[in-house]
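Engineer: Dumping the structure here so I can ask a few things about it.
The values are calculated or read from the model by the stated rules, or taken from the named source; none is laboratory data. Just so we're clear, the structure is a prediction, and the values are computed from it rather than from any experiment. Heads up, the Cβs are rebuilt from the backbone with ideal geometry, glycines too, and the neighbour counts pull from every protein chain shown.
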Amino acid sequence: MQSVAWSLSLFLMALITAAFVIVCRGAAGERELRNPYRGRAVVFALTLIAGVLITLTTLSPWPLPAYAANPAPAAKVIDAVGHQWRWDLSESTVPVGKPVEFRVTSADVNHGFSVYRGKTRIIGQTQAMPGFVNRLRLTFDEPGQYEILCLEYCGLAHHGMLATITAVAE
Ligand SMILES: [Cu+2]
């Protein structure tokens with residue numbers, strides 16, 4: 001699915017680029033007659049170059065983190081299902097220092113699956129969507145309790161969607 005979306009995006013970007021090139025070429029013949037528009041073409045070209053450069057430098061790693069292409073084997077796989085308004089986890093403990101893979105989905109509406117260390121530090125998050133399973137790989141560096149909260153407003157008791165998971169040194 002991801003590769004289809006990516007290919008479609010590239011195709012549409014190429015189509016828009018081609019449209020711009022065709023419009024620019026069509027306007028080139030009138031350039032001598034309409035000098036005031038020359039400035040616009042320069043501004044457009046500079047904006048386009050800046051946009052491409054900014055996009056290329058800020059999309060690294062591109063388009064997904066490297067582990068998605070070549071994942072290390074997970075020490076534990078945990079199924080996580082979001083419901084209005086609770087999380088169902090297939091396991092409640094994780095090993096410290098080893099990669100854990102959460103397979104996150106939803107039974108009803110979209111939720112935001114986020115793992116907190118303490119009250120303020122998010123160590124990972126992904127969407128929980130009905131009909132899709134998103135994989136989130138995390139390594140828990142410190143033993144102790146972690147909280148799983150919902151990051152997407154999903155109804156009246158959204159704020160109460162709390163689960164805990166314990167990282168245990170093995
Ligand atoms: Cu929610």
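Engineer: Of all residues in segment 74-93, which are of a type in the set (S, T, N, Q) and either touching a Pro at 6+ places or on another chain (Cβ under 9 Å) or in a strand (DSSP E or B) (or both)? Talk me through it step by step, then tell me what you get.
Structural biologist: In the first step, residues of segment 74-93 are kept if they are of a type in the set (S, T, N, Q); the result is 84, 90, 92-93.
Hit for segment 74-93 is Thr93, nothing else.
Engineer: Among the residues of segment 139-160, are any touching an Asp or Glu at 6+ places or on another chain (Cβ under 7 Å) and away from the ligand (no atom under 14 Å from the Cβ)?
Structural biologist: Initial filter on segment 139-160 (touching an Asp or Glu at 6+ places or on another chain (Cβ under 7 Å)): none.
No, segment 139-160 contains no residue that is touching an Asp or Glu at 6+ places or on another chain (Cβ under 7 Å) and away from the ligand (no atom under 14 Å from the Cβ).
Residue-by-condition table, conditions (1) under 27 Å from Gln2 (Cβ atoms); (2) modelled with pLDDT under 95:
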{"residue": "Asn70", "(1), (2)": "yes, yes"}
{"residue": "Lys76", "(1), (2)": "yes, yes"}
{"residue": "Val104", "(1), (2)": "yes, no"}
{"residue": "Gly124", "(1), (2)": "yes, yes"}
{"residue": "Phe140", "(1), (2)": "yes, yes"}
{"residue": "His159", "(1), (2)": "no, yes"}
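Engineer: Just for segment 115-125: of the residues that are in contact with a Ser or Thr (Cβ under 8 Å, 6 or more places away or on another chain) and of a type outside the set (A, V, I, L, M, F, W, C), which one is farthest from the ligand (Cβ to nearest atom)?
Structural biologist: If we filter segment 115-125 for residues that are in contact with a Ser or Thr (Cβ under 8 Å, 6 or more places away or on another chain), which is where we start, we get 122, 124-125.
Then drop every residue that is not of a type outside the set (A, V, I, L, M, F, W, C), which leaves 124-125.
On the way: Gly124: 17, Gln125: 12 Å.
Filtering segment 115-125 for residues that are in contact with a Ser or Thr (Cβ under 8 Å, 6 or more places away or on another chain) and of a type outside the set (A, V, I, L, M, F, W, C), the one farthest from the ligand (Cβ to nearest atom) comes out as Gly124.
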